[in-house]
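**Student:** Quick one: this structure, given as C-alpha cells, is what I'll be asking you about.
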Amino acid sequence: MIEIPADILEKVILHSQSGFPLEACGILGGTGNAVASHYPMTNTDASNEHFMMDPKEQFAVVKALRASGEEMQVIYHSHPESPARPSQEDIRLALTPNVHHLIVSLQDRENPVAKAFRINAGVVETVEIIITV
Ligand SMILES: [Zn+2]
C-alpha cells in the first residue's frame, strides 16, 4: 500500500502527459508509506519505450530528500503507448531496493491509468494506491 496525495498524483499525470509521446519519469519522496513530495526528472533517453534519469539530477533529489528527512518512496515513469504494467526492461532495471514503481499509462490518453508495483529480483507485485487529500 502506498498513500499518494491527490494533488501530487495529478502533477505526476500532468508531467507524463506533457512528456508525451516520450516517456516521462520522476521521483516521489515521503516517509513511511506516505508520499509527500514530487520531483519531475529529465528522461535523458528521450525515448517512447524507456527512460533513464540524469544521474546529476538524481543525486540532487537524493540530497534534497535527505535534507527534508524524507526517503525515495516511488520511482515513476509513463508508458505512452502501452498498459500500466512493468515491461521486461522495467523488471530487469528495477535495482533500487525498497522503492515502489509507479507507471502511468497514456494508452488511452483521455483516461490515464496509474498503477504501483514492487519489483524484487524479477518478481512483480501489485501495490494498492490510496489517494489522500
Ligand atoms: Zn516502463
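Please treat every number below as a calculation from the coordinates, not as lab data. Because the structure is predicted, anything quoted here is derived from the model rather than measured. Glycine also receives a Cβ, built like all others from the backbone with ideal geometry; neighbour counts cover every protein chain displayed.
**Student:** Does S68 fit the bill of being among the polar types (S, T, N, Q) and surrounded by fewer than 20 Cβ atoms within 10 Å (Cβ to Cβ)?
**Tutor:** Values: among the polar types (S, T, N, Q): yes; surrounded by fewer than 20 Cβ atoms within 10 Å (Cβ to Cβ): yes.
Taking the combined requirement at face value, the residue satisfies it.
**Student:** Just for the stretch 13-40: of the residues that are touching a strand residue (DSSP E or B) at 6+ places or on another chain (Cβ under 7 Å) and either part of a loop (DSSP other than H, G, I, E, B) or within 14 Å of the ligand (Cβ to nearest atom) (or both), which one is nearest to G69 (Cα to Cα)?
**Tutor:** Within the stretch 13-40, the first condition is being touching a strand residue (DSSP E or B) at 6+ places or on another chain (Cβ under 7 Å), and the residues that meet it are 13, 15-16, 19, 22-31, 33-40.
Still in the list and also either part of a loop (DSSP other than H, G, I, E, B) or within 14 Å of the ligand (Cβ to nearest atom) (or both): 16, 19, 22-26, 33.
Working: S16: 27, G19: 29, L22: 32, E23: 29, A24: 26, C25: 22, G26: 19, N33: 14 Å.
Checking each candidate, the answer is N33.
**Student:** Let me ask you something else. Every residue in the stretch 75-105 that is more than 12 Å from the ligand (Cβ to nearest atom) and either closer than 15 Å to A24 by Cβ or part of a loop (DSSP other than H, G, I, E, B) (or both), please. Don't jump to the end; show me each part of the working.
**Tutor:** The initial filter retains those residues of the stretch 75-105 that are more than 12 Å from the ligand (Cβ to nearest atom), namely 95-100.
If the condition is that a residue be more than 12 Å from the ligand (Cβ to nearest atom) and either closer than 15 Å to A24 by Cβ or part of a loop (DSSP other than H, G, I, E, B) (or both), then L95, T96, P97, N98, V99 are the ones that fit.
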